[in-house]
Amino acid sequence: MKHHISIDIETFSSVTIAKSGVYKYVESPDFEILLFAYSIDKEPVEIVDLAQGEMLPDWLYSAVKSPEYIKHAYNAVFEWCCLSKFYGFPLPVEQWRDTMLHGLYCGFTAGLDATGKALGLPAEKQKLSVGKALIRYFCVPCSPTQSNGRRTRNLPKHDQDKWNLFKTYCMGDVVTEMEIERKLSAFPVPDEIQKQWQTDVMINARGVAIDMEMVQGALEIGATSHEKLMKEAVEITKLENPNSITQLSKWLEKTTNTSIADLRKETVTSMLEKKAFSGSAKRMLEIRQELGKTSTKKYDAIEAAVCKDGRVRGLLQFYGANRTGRWAGRLVQVQNLPRTYIEQLSFARRTVKNKEIDKLKLLYGSVPDTLSQLIRTSFIASTGNKLVDADFSAIEARIISWLAGEQWRLEVFRTHGKIYEASASQMFGIPLERIKKGNPEYALRQKGKVAELALGYQGGSGALISMGALKMGISEEELSDIVSRWREANKRIVDLWRSIENAAVSVIQSGRPAGIRGLILAREFDMENDLDFLTITLPSQRKLYYAKPEIGHNQWNRPSIIYNGVDQNTKQWTHIETYGGKLVENIVQAIARDCLAVAIEHLEKAGFPVVFHVHDEVVIDCPAKQAELDTVVQIMTRPIPWAPDLPLNADGWIGDFFRKD
């Protein structure tokens, strides 16, 4: 019989963990573990005061690395990484369980305190309100002042009462972690998800190599460019701070005799596209647009996170998007890197490395925009290796077609794969072979494309506009016709929205489960712990959880599905309204996530080490002689055990640095 250790540690490092990540945090020469609080098999919590000379008991020291003890912690990657540094070798990750993952899996938010509140834990079982202040006092450097004797760090001896309170706080975290786990015990994390978490820990620990010469060149060029733009802006406007929205808005209104609503990125772009202003006003909008580029911020993030061996680690958050279980980006945020349109990337990179700002401006125009496009290329292959990039093709469109049983679409994906042309053909009754370059019917492809991108999840005219329909030259008068035509051509997908919504309403109201297209919707309770979920079991047998489901009424006075979750805008735990199309979106993206997870496991097993991944794309760093794209694509598109007839396809490239084809 295995034993269980619930652990919480408090640490010190002069490296800022929020910017640099835990891997660089533990690299710091001054890193140390201050406190080690633990409970064995849910016995009363004990604490070891390492900062004041206590040692882990021999049995506990052995237990932390023994397979006979399963280790539990909230955000367990932190404890695993810190204790691996403490022991001097990577602890076996398969012996660890993450209570934060358990909460995320069940639809709750990240954060020990936030999850405790969402689960309704009593106040005494939540973090002490002074916790953050104590962390600031003992766990990070302090500013030297005359009153503190010019010290740069607070030790226990500097305030023993605070230290004793800090120990109580640390022990309280173990209690909270155990209570969260107890409350969620009726809804366990599947073994397959636990295995994927372990793989994710190893991928994050592996990290990806960085071209620091490129990063340093970009930072220097970015600083010089920013200085030049600010100097020019001051000369034009005579403002103290022309980067101030308030000051610049007033100057523009006075100069142009025009009311300025705002200076958001989209507004400035629109004003420049409409050629609303000329002369100095136009130039100031251009400068505003240039200064608004986040080019150097990403380079700053890379520099802050890069470890001593030139690799950035911890780029991915497992189950970071807890509605679907998809990964989220951390530190450099690889999930939202700017696209690359520059040709001759190697030449552009060399120009940045040489810090040739004038050449960069002459060849590419906007320096900030160029640097922004080149961020991706900071991620490089290790010495002697190549990057192999493989991306699932139109994965969401394939999954929704498969899930709905939309046969004409499935035939497209099993043959030529030209879904935009095929969609236009279905919508407008035009033979597919006519929709090709050189024919007037080819203009319909644009309508097919925007419809495919915007309408799969019950979107309407607004979704088409958001996806750029008007900028493509499609008039507002055409939008409703495009929506109608797409829905008429995709009746099974429309039926899927309605079926899922009706099933969800029925399940919430009656409590009886319902099966739709290989999915199972159910209402699951744990009355003792006041837990109530609408669950959707996916083909992979993973479940999506919607807490505290109920039926309300929407703006059209129809039944509306409401649940408790994290609002994507406010990031607060609150009531959220959903509907059939949105549930289908969750399901489709969740299945896409599961396909990626299966592919990653297959790639790792085949000896292709993944260094990071973005949405439906994997990046592998392997020896040049092993870098075979066909082999990687074959592994990526291997039939999924729980969806053998899902038509998958992938494509990619091999190179020395990361890019977006």
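The values are calculated or read from the model by the stated rules, or taken from the named source; none is laboratory data. Keep in mind that this is a model prediction, so the values were computed, not measured. Quick reminder, even Gly has a Cβ in these numbers, built from the backbone with ideal geometry, and neighbours come from all protein chains shown. Note: areas computed on protein heavy atoms with side chains; ligands, DNA, RNA excluded. Shrake-Rupley method; radii C 1.70, N 1.55, O 1.52, S 1.80 Å.
Taking 0.36 nm per intervening residue step and subtracting the Cα-Cα distance, what contour gain separates residue 231 from residue 262 on full extension?
Working: separation 31, 0.36 × 31 = 11.16 nm, distance 2.29 nm.
The span from residue 231 to residue 262 would gain 8.9 nm if fully extended.
How much length, in nm to one decimal, is gained on full extension between residue 522 and residue 436, taken as 0.36 nm per residue of separation minus their Cα-Cα distance?
Values: separation 86, 0.36 × 86 = 30.96 nm, distance 4.64 nm.
Gain on extension, residue 522 to residue 436, equals 26.3 nm.
Using θ = phi - 60° and the Karplus form 6.51 cos²θ - 1.76 cosθ + 1.60, what ³J(HN,Hα) does each residue of region 506-520 get, whole Hz, x for Gly and Pro?
The phi angles translate into 4, 5, 5, 6, 9, x, 8, x, 9, x, 9, 6, x, 9, 10 Hz.
Any idea what the relative contact order of region 34-75 is, in percent, if you count C-alpha pairs under 8 Å spaced at least 6 apart? Write out the running numbers ahead of the final one.
Numbers: 28 pairs, mean separation 10.3, N = 42.
It comes to 25 percent, rounded to a whole number.
Compute, for residue 441, the solvent-accessible surface of its heavy atoms (probe 1.4 Å) with the complete set of protein chains present, and express it in square angstrom to the nearest 10.
Here the accessible area works out near 40 Å².
Could you tell me whether region 150-198 comes out rounded, prolate or oblate from its Cα gyration tensor? Rule is a ≥ b ≥ c as square roots of the eigenvalues, rounded for a/c under 1.5, then prolate if a/b exceeds b/c, otherwise oblate. If you can, show how the numbers build up before the last one.
Working: a/c = 7.59, a/b = 2.35, b/c = 3.23.
Oblate is the answer for region 150-198, as a/c is 1.5 or above yet b/c matches or exceeds a/b.
Quick check: net charge around residue 235, other residues with Cβ under 14 Å of its Cβ, Lys/Arg +1 and Asp/Glu -1?
Values: positive: 228, 231, 238, 283; negative: 227, 232, 240.
In short, +1.
Quick one: if the Förster radius is 60 Å, what FRET efficiency do residue 153 and residue 491 give, using the C-beta to C-beta distance and rounding to 0.05? Walk me through the numbers on the way to the answer.
On the way: r = 67 Å, r/R0 = 1.12.
After rounding to 0.05, the efficiency reads 0.35.
From the list (1) 205; (2) 163; (3) 187, can you say which value of volume of the Cα convex hull per residue in Å³ was derived from the structure given?
The value computed from this structure is option (1).
Cα gyration tensor of region 295-381, axes a ≥ b ≥ c as square roots of the eigenvalues: rounded (a/c below 1.5), prolate (a/b > b/c) or oblate?
On the way: a/c = 2.77, a/b = 1.87, b/c = 1.48.
In terms of gyration-tensor shape, prolate.
In nm, to one decimal, how far is the modelled label at residue 344 from the one at residue 656, with both set 7 Å along Cα→Cβ?
Taking the two extended label points, one gets 1.6 nm.
For the pairs 355/386; 157/183; 265/418, flag any whose C-alpha to C-alpha distance is greater than 29 Å. Please report the intermediate quantities before stating the final value.
Values: 355/386 26 Å; 157/183 38 Å; 265/418 34 Å.
The answer is 157/183; 265/418.
So how do 55, 467 rank on accessible area, 1.4 Å probe, biggest first, that is with the largest at the start? Don't jump to the answer; show the numbers that get you there.
Details: 55 150, 467 85 Å².
Order by accessible area, largest first: 55, 467.
Would you work out the relative contact order for region 14-126, in percent, from Cα pairs under 8 angstrom that are 6 or more residues apart? Each step should come with its number before you reach the end.
Values: 108 pairs, mean separation 19.0, N = 113.
Here the relative contact order equals 17 percent.
Pairs to check: 274/449; 282/436; 361/436; 297/582; 228/297; 117/167. Give those whose C-alpha atoms are more than 28 Å from each other in this structure. Walk me through the intermediate numbers first.
On the way: 274/449 25 Å; 282/436 40 Å; 361/436 37 Å; 297/582 33 Å; 228/297 18 Å; 117/167 22 Å.
Checking Cα-Cα distances, 282/436; 361/436; 297/582 exceed 28 Å.
Short version: ³J(HN,Hα) in whole Hz for each residue of region 525-538, in order, from phi by Karplus 6.51 cos²θ - 1.76 cosθ + 1.60 (θ = phi - 60°), x for Gly and Pro, what are they?
After applying 6.51 cos²θ - 1.76 cosθ + 1.60, I find 10, 9, 4, 4, 9, 6, 10, 8, 10, 8, 10, 10, 8, 7 Hz.
Roll a 1.4 Å probe over the protein chains and send me the accessible area per residue for the chain in Å². Before the final figure, lay out the partial values.
Working: 30490 Å² over 661 residues.
Ligands and nucleic acids excluded, the figure is 46 Å² per residue.
What percentage of the solvent-accessible surface of the chain, computed with a 1.4 Å probe over protein heavy atoms, is contributed by carbon and sulfur atoms?
Numbers: 15240 of 30490 Å².
Carbon plus sulfur share of accessible area: 50 percent.
Kindly flag which residue pairs out of 42/71; 42/65; 24/571; 71/571; 24/195 have an alpha-carbon separation exceeding 23 Å in this structure.
Values: 42/71 12 Å; 42/65 19 Å; 24/571 27 Å; 71/571 30 Å; 24/195 25 Å.
Going by Cα-Cα distance, 24/571; 71/571; 24/195 fall outside the 23 Å limit.
Would you work out if region 58-193 is rounded, prolate or oblate? Take a ≥ b ≥ c from the square roots of the eigenvalues of the alpha-carbon gyration tensor; rounded if a/c is under 1.5, else prolate when a/b is larger than b/c, oblate otherwise. All intermediate terms of the calculation are to be shown ahead of the outcome.
Working: a/c = 2.39, a/b = 1.45, b/c = 1.65.
In terms of gyration-tensor shape, oblate.
Summing -39500 (n - 2.57) over the DSSP H runs of n ≥ 4 in the chain and dividing by its residue number, what mean residue ellipticity at 222 nm do you reach, to the nearest 500 deg cm²/dmol?
Result for the chain, helices only: -14000 deg cm²/dmol.
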